[in-house]
Amino acid sequence: MEFRNLKAQYHHLKAQIDSSIEEVIEESAFISGKAVHDLEQQLADYVGVRHCITCGNGTDALSLVLRAWGIGPGDAVFVPDFTFFASAETPRDRGATPIFVDVLDGTFNMDPASLERCIQAVTSEGKLIPRAIISVDLFGAPADYACIEPIARKYGLKILEDGAQGFGGMQNGQKCCSFGDAATTSFFPAKPLGCYGDGGAIFTDDSQLAALVRSLAVHGKGTDKYDNVRIGVNSRLDTLQAAILKAKLDAFIRFELDAVNQAAAYYTLRLGGIVETPVIPEVMLSSWAQYTIRLADEEERNRVMNALHAQGIPTMIYYRTCMSQQHAFEDVAEAQPIICECARALSQRVLSLPISPYITTEEMDSVIAAICRELGR
Ligand SMILES: *Cc1c(COP(=O)(O)O)cnc(C)c1O
């Protein structure tokens, strides 16, 4: 069994993907070809924002926005303690101090009450200037923007939505990658919308920000890339990846998002009452980057994980180490106003199960049976 069945997806979409790749090679405009421009337009339309700028990967996407906002030393950026490293790495790389915010047990996303507590603590300490919130749409479901946006307004902070895992998710009918002042996503192969290598994108309604990010992503270009008006980076999505993504976006919209939601619903129906299943509030839709269960404690989690592995069922632990526990952040430990108890407990209890739009009922049945057998339920 595959953890995320990319081979089944390729076999299903082979005709479209192969012809898209061939077309690009025939054209031989490998950088900034037509497919890149078309894809940006399609992504912006799908998400419901004015501008989409593709780039090299999801980490660069975060960095480019932080760079455009001029975030740096002396600034505090609020990040969930339970996330992939890049969410906190990127503000630190700009010289800012990430402040780790606790998450909610059921949704795994930023706890708005903890966010406000952290902002107040940093403000009253007076050493750092609160600048931005990087809200993460963990495992495919949006962070609670209905609560986070008013907090950002109240304290004058920008929101950068890290939608690397959230593409396709929704809150109250609004799509992930359209919240906050800017949003980013990743096209890493295993993400909800993945390419065949690295890729990423930035989304915003802010035309000035979009123009600045476009410049920063191509060596600080002015009128063209040989007219350089600022220091930038080289971070582009290549035309082959854009062509692959165009074929995959079509499938994502037509049936994959529904299929993965049906798979998740089946797991939840069968595993409910046996383990703690993911909580998706009624106003939200997840794109199921991961299907993550919670076990009683670390011992039980490891027991279930080993039992699954013994039967050839792959699982992953997202995430075993909280941001505040990473060695790389030892130097910002003193700046942390709280210990994120919920995030720490989750890191010991979570287990992500195989899921994709292409997982079969038989495969899910074998995962469910193995869990039930191990737990004697
Ligand atoms: C994958 C991921 C990223 C980084 O994306 P890359 O394309 O791998 O650079 C950032 N944030 C989160 C939450 C992610 O899951």
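Which one of these is over 19 Å from GLU374 (Cβ atoms) and surrounded by fewer than 14 Cβ atoms within 10 Å (Cβ to Cβ): ALA333, ALA264?
Step by step, each of ALA333, ALA264 is checked, and only ALA333 is over 19 Å from GLU374 (Cβ atoms) and surrounded by fewer than 14 Cβ atoms within 10 Å (Cβ to Cβ).
ASP224 versus (1) crowded, with 20+ Cβ neighbours inside 10 Å; (2) part of a loop (DSSP other than H, G, I, E, B): which is the lone unmet condition?
(1)
Have a look at LYS154, LYS127, LYS158 and point out the one that is under 16 Å from VAL332 (Cα atoms), of a type in the set (Lys, Arg) and either more than 15 Å from the ligand (Cβ to nearest atom) or buried (at least 20 other Cβ atoms within 10 Å of the Cβ) (or both). I'd like the intermediate steps shown before the answer.
Working: LYS154 fails: under 16 Å from VAL332 (Cα atoms); LYS158 fails: under 16 Å from VAL332 (Cα atoms).
Result of the check over LYS154, LYS127, LYS158: LYS127.
Out of (1) out of contact with any Asp or Glu (no Cβ under 9 Å at 6 or more places or on another chain); (2) touching a residue at least 12 places away in the same chain (Cβ under 8 Å); (3) more than 16 Å from the ligand (Cβ to nearest atom); (4) farther than 29 Å from ALA335 by Cβ, the odd one out for GLY173 is which?
With (1) out of contact with any Asp or Glu (no Cβ under 9 Å at 6 or more places or on another chain); (2) touching a residue at least 12 places away in the same chain (Cβ under 8 Å); (3) more than 16 Å from the ligand (Cβ to nearest atom); (4) farther than 29 Å from ALA335 by Cβ applied to GLY173, the lone miss is (2).
For the stretch 25-48, give me the residue count where each residue is over 19 Å from GLY200 (Cα atoms) and not acidic (Asp, Glu). Working first, answer last.
So the first thing to find is which residues in the stretch 25-48 are over 19 Å from GLY200 (Cα atoms), and the list is 25-29.
Narrowing further to those that are not acidic (Asp, Glu): 25, 28-29.
Residues meeting the conditions: 3.
Applying the selection to the stretch 187-203, what residues are farther than 14 Å from VAL47 by Cα and small (Gly, Ala, Ser)?
Selection gives ALA190, GLY194, GLY197, GLY199, GLY200.
Which of the following residues is small (Gly, Ala, Ser) and more than 22 Å from the chain's Cα centre (by Cα): ALA296, ALA345, ALA328? Break it down into steps so the answer makes sense when it comes.
On the way: ALA345 fails: more than 22 Å from the chain's Cα centre (by Cα); ALA328 fails: more than 22 Å from the chain's Cα centre (by Cα).
After applying the criteria, what remains is ALA296.
Restricting attention to the stretch 177-208, and to residues there that are within 11 Å of the chain's Cα centre (by Cα) and part of a strand (DSSP E or B), which single residue is surrounded by the fewest Cβ atoms within 10 Å (Cβ to Cβ)?
Once the filter is applied, the top-ranked residue is GLY200.
Output the number of the condition that GLN120 fails; it satisfies all remaining conditions of (1) open to solvent by 10 Å² or more (accessible area, probe 1.4 Å); (2) under 24 Å from PHE203 (Cα atoms).
Checking GLN120 against (1) open to solvent by 10 Å² or more (accessible area, probe 1.4 Å); (2) under 24 Å from PHE203 (Cα atoms), the one that fails is (2).
Would you confirm whether or not the stretch 237-248 contains a residue that is surrounded by fewer than 22 Cβ atoms within 10 Å (Cβ to Cβ) and farther than 16 Å from ASP198 by Cα?
yes
Examine the stretch 307-319 for a residue that is touching a residue at least 12 places away in the same chain (Cβ under 8 Å), open to solvent by less than 20 Å² (accessible area, probe 1.4 Å), under 14 Å from PRO354 (Cα atoms) and assigned to a loop (DSSP other than H, G, I, E, B), and state whether such a residue exists.
Yes - at least one qualifying residue is present in the stretch 307-319.
Out of the stretch 1-27, which residues are open to solvent by 70 Å² or more (accessible area, probe 1.4 Å) and assigned to a helix (DSSP H, G or I)? Full working, then the answer.
Let us first name the residues in the stretch 1-27 that are open to solvent by 70 Å² or more (accessible area, probe 1.4 Å), namely 1-2, 7, 11-12, 14-16, 22-23, 25-27.
Those that are open to solvent by 70 Å² or more (accessible area, probe 1.4 Å) and assigned to a helix (DSSP H, G or I): LYS7, HIS11, HIS12, LYS14, ALA15, GLN16, GLU22, GLU23, ILE25, GLU26, GLU27.
The values are calculated or read from the model by the stated rules, or taken from the named source; none is laboratory data. In this text the structure is predicted, and so the values were computed from the model without any measurement. Cβ sites come from the backbone with ideal geometry, for glycine too, and all protein chains shown count toward neighbours. Heavy atoms of the whole protein, side chains included, go into the accessibility calculation; ligands, DNA and RNA do not. Shrake-Rupley method; radii C 1.70, N 1.55, O 1.52, S 1.80 Å.
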